[in-house]
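Quick note: the coordinates plus some simple rules give every number you see, no bench work behind them. Just so we're clear, the structure is a prediction, and the values are computed from it rather than from any experiment. Positions of Cβ are generated from backbone atoms using ideal geometry, with glycine treated the same way; all protein chains shown enter the neighbour counts.
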Amino acid sequence: MNGSNGEVNAAIAAEVLEALGTAAVVVNDINLMVQATTNAQDFGLLQDRALVEVELLNLVDWARKSKETKTVESQINVGGRASKVWVQATAAPLGNGFVILTLEDRTEARRLDETRRDFVANISHELKTPIGAIALLAETLQGATDDPIAVQKFAASLQREANRLGHIVQEIIELSRLQSATYVADSGLVNLNEVISDAIDRVQIAAEAKQMKIVSDTTEQVFVSGNYEQLAIAVTNLIENAINYSDPNGQVGVALRKNAGIAEVVITDSGVGIALEDQARIFERFYRVDPSRSRETGGTGLGLAIVKHIALNHGGEISVFSKPGLGSTFTLTLPAQQKATDN
Amino acid sequence: MTKILVVEDEQSLREPLVYVLEKEGYEVVDAADGEQAVKVFNA
């Protein structure tokens with residue numbers, strides 16, 4: 001009687017877990033599967049009703065013997081997948097030798113952790129360089145009081161490094177704010193034509209310094225729902241990049257279109273372009289195609305990551321088309337709104 | 001006199017380093033990257 005009770009309990013447990021979408025396997029006293037949810041079968045842990053991973057078997061045996069629940073995180077082979085998968089496995093005794101094993105795929109969470117660790121390491125490096133320079137410059141200034149030309153030169157460097165540090169800190173704050181927000185704060189109806197002309201104003205000095213012409217084609221009025229300042233930052237970053245990665249006397253095109261309910265802001269340059277293998281990575285934080293160029297332009301390596309997050313937070317996306325030597329085209333797409341909806 | 005080769009890609013670090021070392025009486029040459037450093041070293 002007890003045995004069938006156990007089986008009934010196991011069956012109920014499996015049904016509950018199926019409904020919850022958990023990956024769960026119930027095994028009997030000799031470690032043969034009596035129930036498995038669809039998700040668990042997708043994991044490919046079983047071969048002829050038997051668990052194949054030794055680590056999971058050990059976990060199940062331990063739980064049965066000690067009559068306690070135990071959770072481990074481990075890397076296992078999963079049927080049909082090339083790379084190992086990180087899982088969090090929990091084994092809980094159900095009585096009469098039955099044990100339920102639940103699994104959660106932790107691969108994505110681990111990858112995010114890794115990205116976060118890289119980010120911290122990168123941030124430390126990016127911050128340490130200007131801080132080190134500021135300390136060294138200040139020290140040098142102290143010993144150069146009798147040399148006005150040196151004072152002038154190092155004071156200018158000091159100011160430049162302080163500005164750079166300020167810029168990096170500001171962008172880190174901006175990015176972390178964007179990443180923590182799953183919705184767009186202060187959302188409203190935004191006129192993209194205004195966003196673009198505002199962005200062009202903001203980069204005017206940089207454009208003039210390089211004698212670049214910015215040509216905009218924004219005849220159509222296009223509205224989106226979102227945050228004006230964020231969208232202005234995104235478009236400004238894209239135009240700034242176009243200027244920074246072009247030769248002097250060049251031209252940057254900014255076009256605004258609406259296509260089947262989708263607003264498109266297209267920024268085109270005829271600059272250095274981006275190799276295919278870099279194109280997939282340029283939206284990562286601190287990724288730089290050419291670190292020395294980026295230093296020259298004062299780039300922080302965060303500009304495009306910020307653009308990507310602004311696009312995502314607005315339900316849109318950012319894409320790039322580029323060929324080395326022929327320039328780049330960045331397209332920001334956002335769901336378009338009718339102007340009337342907000343009035 | 002001791003001659004020092006300073007190789008540093010950050011201008012804001014390289015310039016004060018060169019200045020301080022020169023002030024200490026060393027002869028200093030500098031380079032902003034490895035390639036330049038090899039060239040200066042061989043010169």
Taking the criterion of being over 29 Å from the mean Cα position of the chain (by Cα), without any contact (Cβ under 8 Å) to a residue 60 or more places away in the chain, away from chain B (no Cβ under 14 Å) and not in a helix (DSSP H, G or I), would at least one residue in region A:92-103 satisfy it? yes
Taking chain B, which residues are closer than 22 Å to A:GLY132 by Cα and hydroxyl-bearing (Ser, Thr, Tyr)? B:SER12, B:TYR19
Residue match in region A:227-237 (condition: in contact (Cβ under 8 Å) with a residue 24 or more places away in the chain and touching a Ser or Thr at 6+ places or on another chain (Cβ under 9 Å)): yes
Within region A:128-146, which residues are part of a loop (DSSP other than H, G, I, E, B) and either β-branched (Val, Ile, Thr) or facing chain B (nearest Cβ under 8 Å) (or both)? A:GLY143, A:ALA144, A:THR145
Name the residues in region A:105-140 that are of a type in the set (Ser, Thr, Tyr) and exposed (fewer than 13 other Cβ atoms within 10 Å of the Cβ), would you? A:THR115, A:SER124
Residues in region B:13-36 that are within 14 Å of another protein chain (Cβ to nearest Cβ), in contact (Cβ under 8 Å) with a residue 24 or more places away in the chain and under 10 Å from the mean Cα position of the chain (by Cα) total 3
